[in-house]
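Working notes, beginning with the structure itself.
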Amino acid sequence: MTRARFTNLARYALVLMLLANLVCAIASGSARAQQAALGQPRDASEQALVSHRANEWARLSPEQRERVLENYREWKRMPPGERRTAAQNFQKFQSLPPDERQQVLRSMRQWRRLPPERRAQLRQAYARFKSLPPERREQIMDRFRHLQQLPPKQRERVMSNYKRWQAMTPEQRADARRRFQMRQGNFEHRHGRHPLTRIPIP
C-alpha cells in the first residue's frame, strides 16, 4: 500500500465511520425521496427518531432532514458489529478538541462531495489497510505521522515525488528503488548516519 494513498486514507478513514455516526449527533431505514415528501419520516422508527430530538429537527432544512433520514436508513442496514464500532468512534470524536472536531467535519463535507467511484476506491483501500498485519499498519501510520510533521514545503516536495512515482512503470519503480538504496548506502558510508530528511520510496 502506498504512502500517499494513506495520506488521504488516514483523513477519510474516520470520515467513513462518521458518516454512519451523523445520525447519532441528532439521535441514536430504502425508497427514494421522491416517493415521499422531502425530509419526512416514512415509518414508526423514523418518526421516533424525529420526536426524540424535536428541537434540533425543527432547525434543519428539508434537505438536511432528508440527509439525516438517509443516514439513519443506512445505519439500520449496518451489521451490529459495525454499529458498535461506529458508536465508539463517535464517542472518540466527541472527546476531540474543538479545532480537531472542526477538521473532521470539514473532511466529512469533502467526503460528501466525492464522486461515488472515489468513495468506493477509498473504502477498498481502507479494507486493504485493515487486512494488513498490525505491525505493517503501524509502520504505515508512523510514516503518515512523520509526513504530517514535515514543514509545508517539504511535505509538498514529498507529494510531488509521489505523483512522479505513480506515473512510473513497474520497471522504472524498481530502478528508482535501486538508485535510492545506492544513494542511501553512500550517504551512510560518508556520514555514518541515515539521511533523516529523506523519506524512503515505498
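The values are calculated or read from the model by the stated rules, or taken from the named source; none is laboratory data. Everything numeric here is computed off the predicted structure, so don't read it as measured data. Counting neighbours? That spans all protein chains shown, and the Cβs are built from the backbone with ideal geometry, glycine included.
Couple of notes before you dig in:
- With respect to being modelled with pLDDT of 85 or more, within 20 Å of the chain's Cα centre (by Cα) and assigned by TED's automatic domain parsing to the domain that holds A48, Q102 fits the description.
- Residues that are more than 28 Å from E82 (Cβ to Cβ), surrounded by 13 or more Cβ atoms within 10 Å (Cβ to Cβ) and among the polar types (S, T, N, Q) do not occur anywhere in region 168-179.
- Test result for P41, farther than 19 Å from M108 by Cα and in contact with a helix residue (DSSP H, G or I) (Cβ under 9 Å, 6 or more places away or on another chain): yes
- Flag if S107 is modelled with pLDDT of 85 or more, within 14 Å of the chain's Cα centre (by Cα) and among the hydroxyl-bearing types (S, T, Y): yes
- Residue satisfying all of: in region 125-141; exposed (fewer than 11 other Cβ atoms within 10 Å of the Cβ) and at pLDDT below 90; farthest from N71 (Cα to Cα) among these: K130
- A residue that is under 17 Å from the mean Cα position of the chain (by Cα), small (G, A, S) and surrounded by 10 or more Cβ atoms within 10 Å (Cβ to Cβ) occurs nowhere in region 145-161.
- From A4, A27, A58, residue being small (G, A, S) and at pLDDT 85 or above: A58
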